[in-house]
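Enquirer: What follows is a single structure, and I will ask about it in a moment.
The values are calculated or read from the model by the stated rules, or taken from the named source; none is laboratory data. Worth saying up front: this structure is predicted, and the values here are computed from it rather than measured. Cβ atoms come from the backbone with ideal geometry, glycine included; neighbour counts cover every protein chain shown. Accessible surface is based on the protein model in full, side chains and every heavy atom, while ligands, DNA and RNA are left aside. Shrake-Rupley method; radii C 1.70, N 1.55, O 1.52, S 1.80 Å.
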Amino acid sequence: MMDAVKDKPRILIVADVHENLHALMNILRDGYATTAATSGEKALEVARRQPQPQVILLDARTPGLDGSAVLAELKADPVTSGIPVIWVTALAESADEAKGLTLGAADCITKPMNPDLLRLRVRSQLELAACRQVPVSSAAAAASGQRPAVLVVDDVPENVHELLEVLKDDYSIMVATSGPKALETLQGPVTPDLILLDIIMPGLDGYEVCRRIKALPVGRRIPVIFVTGADATENKVKGFAVGGADYITKPFDIDEVRARVRTHLELLGAQNELERRNSALNDALLQLKNAQSQLVVSEKMAALGVLAAGVAHEINNPVNFVKTSCHSLERDIQDLVAALSFCQDRLGQGEQAALEEYKQRTDHAITMRELPELFAHIFGGLQRTEEIVRSLRSFARTDDTLSNAIDLREVADAVLVMLRPRYEKHIQVIKNYAPLPAIRGNIGKLSQVLINILSNAIDAVEAQGDPERLRVTVTTEMRRRDGKDYAVLHVSDMGIGISADIADRIFDPFFTTKPVGQGTGLGLFICRNLIQEHKGFLEVAHPEGQGATFSIVLPACQEESC
């Protein structure tokens, strides 16, 4: 229970009439931690005590040190000058109201007071005080140098003129003489920052105009202050119900009008700044998540590279041993066949007939025919294993240098070897290689890019369901762009393509069209970053119904540096 009280905003109520004091405390006690002071001296003492009140409700008439003197001391003392003071006066004491606002009161409210209005005024000052604690950025400060626009909506020219005279020095004033004109103004090129809205107007009254303003996307954030001669409670409640932020009664008090407008514009500006900062924080958080995800993937790829290097080394030794042994075995078998032929020529007729009978029984002719085929298969398998080992070694290079001279065609060949089990039985891979200049880069990182793009191409043709379109094409060309030479590698698939509604999002982090558990949405995002790291471009073309083509465009290295 104590913690709940501590968490409530602290309000100091200064009044000497017990009925007024209890009425104010009863209105605010549910949402606030209230403290009372029945004299000016006691109010100053409580205001300086820690923890300080966050808002002060100060009656203009207090015994001893009156409200004016208390307010002057509060604003003169650096310890208390930042506490917003709401000036409380009687309805007939308009001079006191003007005096309080002149001395530095943040707002004023008259007795007898409407509970909803009191809560609204206190909440506005608390929100504004909280926003003021956040230092405004230089960009926001620059923006705040522009004069805010205030729209005055009133069908009586005298009222418009009076408000214009009060506000014209500090604000850009826009005028609408009817509700429909006000709604039309909101659709124009300049959107007001605040609206002063008369309630009693022909046609659409102020309540209906406010309701329609709040129904518009552009009007939801604009504070509306009602201007009315009717001070009845039900009118105020109705105004708040349709979205009004505050109200001002006629005849106007100049200082009150300025205070109301200033308070709500400052509150709006502070809220906008907080939203801008929240947006910036969200962007920073997204970038942090992206960087973290990329780091995780990079660490996984580095670990995979170390593993691949170890596997390649371990495989390479037995492969060399088997290859050498098979060459020796081939020669030994050839020697045995030659020896058999030599001996056969020296046998008598009986022995030769027996030997021929034995050869037929053991399918000797088939064995002799199969031996070269078997050795061809063995050496073919060994060659393929060597290709895989070379590809693993290229992929496993863990250095971060981007200065190696690289032929993109060799990288593509190595990656295709690694992916062969995924496509060789059902997908045709066509290679159309044109001569390419060398590029400077990192084989491991470029292999990572190609593995991802080729894997996506294989997934795309597998998903489209037409056996006639199970085809992926890898093409290279040299391109001149902005006076520079580039090596270009295209990966084209015959899949279903990329729909126009997602084409702009495929490189966004965490965006994927694959089912849950089959894609992270980071592959193309990382690929683009790695290509940009190589000072190149990753482009995509997706003509309707013709699959997609991803193009890796990398700058050719200068001849003297290659």
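Enquirer: Of all residues being open to solvent by 10 Å² or more (accessible area, probe 1.4 Å) and of a type in the set (A, V, I, L, M, F, W, C) in the stretch 211-221, which is modelled with the lowest pLDDT? Just the residue, please. Reasoning before the result, please.
Expert: Step one: of the stretch 211-221, the residues open to solvent by 10 Å² or more (accessible area, probe 1.4 Å) are 211-212, 214-218, 220-221.
Of the ones still in play, those that are also of a type in the set (A, V, I, L, M, F, W, C) are 215-216, 218.
On the way: ALA215: 89, LEU216: 89, VAL218: 85.
If we take residues in the stretch 211-221 being open to solvent by 10 Å² or more (accessible area, probe 1.4 Å) and of a type in the set (A, V, I, L, M, F, W, C), then VAL218 is modelled with the lowest pLDDT.
Enquirer: Among the residues of the stretch 495-537, which ones are among the basic types (Lys, Arg), modelled with pLDDT of 85 or more and assigned to a loop (DSSP other than H, G, I, E, B)? So that I can check it myself, show each step before the final result.
Expert: The initial filter retains those residues of the stretch 495-537 that are among the basic types (Lys, Arg), namely 505, 514, 528, 535.
Going one step further and asking which of them are modelled with pLDDT of 85 or more, we end up with 528, 535.
Of everything in the stretch 495-537, just one residue is among the basic types (Lys, Arg), modelled with pLDDT of 85 or more and assigned to a loop (DSSP other than H, G, I, E, B), namely LYS535.
Enquirer: Working carefully through the options GLU184, GLU158, GLU162, find the one that is open to solvent by 80 Å² or more (accessible area, probe 1.4 Å) and modelled with pLDDT under 85.
Expert: Values: GLU184 fails: modelled with pLDDT under 85; GLU162 fails: open to solvent by 80 Å² or more (accessible area, probe 1.4 Å).
Going through GLU184, GLU158, GLU162 in turn, just one is open to solvent by 80 Å² or more (accessible area, probe 1.4 Å) and modelled with pLDDT under 85: GLU158.
Enquirer: Also: Is it true that some residue in the stretch 413-427 is among the hydroxyl-bearing types (Ser, Thr, Tyr) and either assigned to a loop (DSSP other than H, G, I, E, B) or under 16 Å from ILE531 (Cβ atoms) (or both)? Before the answer, list the steps.
Expert: Here is the first cut: in the stretch 413-427, the residues among the hydroxyl-bearing types (Ser, Thr, Tyr) are 423.
Next cut, either assigned to a loop (DSSP other than H, G, I, E, B) or under 16 Å from ILE531 (Cβ atoms) (or both) only: none.
No: zero hits.
Enquirer: Which helices (runs of 4 or more DSSP H) sit wholly inside the stretch 151-215 and have at least 2 residues that are in contact (Cβ under 8 Å) with a residue 24 or more places away in the chain and more than 19 Å from GLY229 (Cβ to Cβ)?
Expert: The qualifying helices (runs of 4 or more DSSP H) are 179-186, 206-215.
Enquirer: A further question on this structure: Could you tell me whether any residue of the stretch 247-258 is surrounded by fewer than 21 Cβ atoms within 10 Å (Cβ to Cβ) and touching a Lys or Arg at 6+ places or on another chain (Cβ under 6 Å)?
Expert: Pass one, the stretch 247-258, residues surrounded by fewer than 21 Cβ atoms within 10 Å (Cβ to Cβ): 248-255, 257-258.
The next check asks that each one be touching a Lys or Arg at 6+ places or on another chain (Cβ under 6 Å); those that pass are 248.
Yes, the conditions are met somewhere in the stretch 247-258.
Enquirer: Further question: Tell me, yes or no, whether the stretch 430-446 has at least one residue that is in contact with a strand residue (DSSP E or B) (Cβ under 7 Å, 6 or more places away or on another chain), under 27 Å from THR512 (Cβ atoms), assigned to a strand (DSSP E or B) and open to solvent by less than 10 Å² (accessible area, probe 1.4 Å).
Expert: Yes - at least one qualifying residue is present in the stretch 430-446.
Enquirer: Does any residue of the stretch 405-412 turn out to be farther than 24 Å from THR473 by Cα and either modelled with pLDDT under 90 or of a type in the set (D, E, K, R) (or both)? Walk me through how you get there before you give the answer.
Expert: Taking the stretch 405-412 and keeping what is farther than 24 Å from THR473 by Cα, we get 405.
Those still in the list that are either modelled with pLDDT under 90 or of a type in the set (D, E, K, R) (or both) too: 405.
Within the stretch 405-412 (the criterion being farther than 24 Å from THR473 by Cα and either modelled with pLDDT under 90 or of a type in the set (D, E, K, R) (or both)), the answer is yes, since at least one residue qualifies.
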